[in-house]
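**Student:** This structure is in structure tokens; I'll ask about it shortly.
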Amino acid sequence: MSGYVRSRIVAFQITTNIELQFDAPIGYPSITANYTPEWGQWWFNQDNVRLYQFMGKDNVYFHTIYFPSMLLGDGRPWTTLHHLSTTGTLSVFYHVQLI
């Protein structure tokens, strides 16, 4: 089994990782809302806002699958990803005992 597939299987077996997958997208708009009361002008403005993201390639899976899926599933007209730029990767190794 490739390292990538194995890491995804392990990720779904770790409760905190599952929680992170669902909690993290809430953080982006909530941080913006905490900063300014006009946060909706950014997050609900698909016609005038282009969302660009720059990250390590290890975050692409989350930012192209989970985050957009949660926005679409909410049913409101969220500003979605326009362009994603990646460079390199950050790998963190740890041991997990599978049950």
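Every number here is computed from the coordinates shown, using simple stated rules; none is lab data. All of these numbers come straight from a predicted model, not from anything done at the bench. Cβ placement follows ideal geometry from the backbone for every residue including glycine, while neighbour counts extend to all protein chains displayed.
**Student:** Can you give the FRET efficiency for Ile31 and Lys57, using 1/(1 + (r/R0)^6), R0 = 22 Å, r = Cβ-Cβ distance, to the nearest 0.05?
**Tutor:** With a Förster radius of 22 Å, E is 0.40.
**Student:** Name the long-range amide H neighbours of Leu51: under 5 Å, sequence gap of 5 or more, or other chain; modelled H, no Pro or chain starts.
**Tutor:** His82, His83
**Student:** Quote the FRET efficiency, to the nearest 0.05, computed for Asn45 versus Thr86 with a Förster distance R0 of 22 Å and r equal to the Cβ-Cβ distance.
**Tutor:** The computed FRET efficiency comes out at 0.30.
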